[in-house]
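Taking it in order: structure first as structure tokens, then the write-up.
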Amino acid sequence: MPQNSTLSAELMEILTTEYEAPEGTTADTAYDMLGFDSLVLVELAVALTKQFGVQVTDDELQEAGNIAGTIELLRAKGVPA
């Protein structure tokens, strides 16, 4: 998935530094496996909206389910990979 590597790296950086995602978290690790509840997803949605300049909602993140899904969501909104 080289076309997603930059976006994936940015998301992993945000999740590990801001949200304390554990070592070994991958793009396929489900948000609920990380212990991300609805409040965390709201905060993450706000952070991603600011970071990438596109509106992201917590419902969209819940539906995306993981980093890989979130990458596809952001790309669909026009964020360059």
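Brief remarks on what is shown
- Elements of type helices (runs of 4 or more DSSP H) in the chain, at least 1 residues being β-branched (Val, Ile, Thr): 5-18, 38-52, 67-76
- The residues on offer are 42, 46, and the sole one that is hydrophobic (A, V, I, L, M, F, W, C) and in contact with a helix residue (DSSP H, G or I) (Cβ under 7 Å, 6 or more places away or on another chain) is 42.
- Residue 27 passes every criterion in (1) open to solvent by less than 30 Å² (accessible area, probe 1.4 Å); (2) at pLDDT 95 or above; (3) of a type in the set (A, V, I, L, M) apart from (2).
- Condition check for residue 49: out of contact with any Pro (no Cβ under 7 Å at 6 or more places or on another chain), touching a residue at least 24 places away in the same chain (Cβ under 8 Å) and surrounded by fewer than 17 Cβ atoms within 10 Å (Cβ to Cβ): no
- Hey, residue 18 exposed (fewer than 13 other Cβ atoms within 10 Å of the Cβ), acidic (Asp, Glu) and without any contact (Cβ under 8 Å) to a residue 24 or more places away in the chain or not: no
- Only one entry of 59, 37 meets the criterion of being modelled with pLDDT of 95 or more, among the acidic types (Asp, Glu) and either exposed (fewer than 15 other Cβ atoms within 10 Å of the Cβ) or touching a Ser or Thr at 6+ places or on another chain (Cβ under 6 Å) (or both), and that entry is 59.
The values are calculated or read from the model by the stated rules, or taken from the named source; none is laboratory data. Predicted, not measured: the structure shown is a model, and the values here were computed from it. Because the Cβ atoms are built from the backbone with ideal geometry, glycine has one as well, and the counts that use them run over all protein chains shown. For accessibility, only protein heavy atoms count, side chains too; no ligands or nucleic acids. Shrake-Rupley method; radii C 1.70, N 1.55, O 1.52, S 1.80 Å.
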